[in-house]
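Taking it in order: structure first as structure tokens, then the write-up.
Just so you know, all these numbers are worked out from the coordinates, no wet-lab data involved. For clarity, every value in this text was computed on a predicted model and none was experimentally measured. Cβ placement follows ideal geometry from the backbone for every residue including glycine, while neighbour counts extend to all protein chains displayed.
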């Protein structure tokens, strides 16, 4: 067991704002990460399911395996894994709201083979016990850079030989890479980054993709594949912002004007950042050999 303590208060300050508020702009599955528009005519709900299938499809899941979802959110990935792949699922979240909501939903799902399915109010730092596969979608950004090595080493130990982890995370390109892409430093970009880190995701830090490419192999993993979804996230954020604006009166009633304006600024600003190219979202497929 690690001596590291999860950042419960940072995560709960965002994700425990209000399930009702998040439901105003997320799709019905409450998937709060980049969708994958495999076809141009996909709805947001269809594209979120496509993203989940894209991630799970890289894990080589087989019936009876145990899948660990680190940062499981409102459970859309573990629900899909249970029902489509017939695996046992364990979700980890630091959000009390998500923990309270998802466990009853898992218990109510058809489960003809009797697989185990649970969400734990627990961080990866507190988790032990072997698993066959690991998925983490949109959580790595909350772990802080000083814990990235510990996370990769921990997940490597949890997996069996030939075990696989799908790490889906937003990344921030460094100044050298931005210059190579023709993107100049921007004071406005800096200010927006400070706004997000202070008012939306306290303690959040976006990793440099170069560091993941270095730290994964250093922990023992083989980096099998990378897949960038940059413009898919811009489109996802556009749809979230449109949905929130279309439900403004309800959002004001649920969260108040300050929260509504803060989230609209966050959603639209992040969409612009993905389109500009300063940030990206990448799925890293890591294999233990």
inquiry  = Can you sort 40, 45, 141 from fewest to most other Cβ atoms within 10 Å of each residue's own Cβ?
reply    = 40, 45, 141
key: Förster-model FRET efficiency, 30 Å R0, residue 157 and residue 101, C-beta, rounded to 0.05   = 0.50
query = For residue 23 and residue 250 in one chain, what is 0.36 nm times their gap in residues minus the Cα-Cα distance, to one decimal in nm?
reply = 80.6 nm
remark   = For residue 223, placing the label point 7 angstrom along Cα-to-beta-carbon and taking the range 145-182, residues whose amide nitrogen sits under 17 Å are 145, 148-153, 156, 165-178
remark   = The rounded separation in angstrom of the Cα centers of the range 34-83 and the range 137-164 is 19 Å
remark   = Stretched fully, the stretch from residue 186 through residue 86 gains (0.36 nm per residue minus C-alpha distance, one decimal, in nm) 31.2 nm
ask   = What number, rounded to the nearest 500 deg cm²/dmol, is the helix-based mean residue ellipticity at 222 nm of the chain, given -39500 (n - 2.57) per DSSP H run of at least four residues and division by all its residues?
value = -14000 deg cm²/dmol
ask   = Label point 7 Å out from residue 13 along Cα-to-Cβ: which residues of the range 147-189 have amide N under 15 Å?
value = none
note = Given a Förster distance of 30 Å, the FRET efficiency implied by the Cβ-Cβ spacing of residue 257 and residue 197, rounded to the nearest 0.05, works out to 0.85
remark   = One finds the C-alpha centres of the range 197-214 and the range 237-289 to be spaced, in Å, by 16 Å
inquiry  = I want to verify a result. In a Gaussian network model of the chain, Cα cutoff 10 Å, which of these has the top mean-square fluctuation: 46, 125, 188?
reply    = 188
ask   = Among 133, 247, 96, which one moves the most in a GNM of the chain with springs linking Cα atoms closer than 10 Å?
value = 247
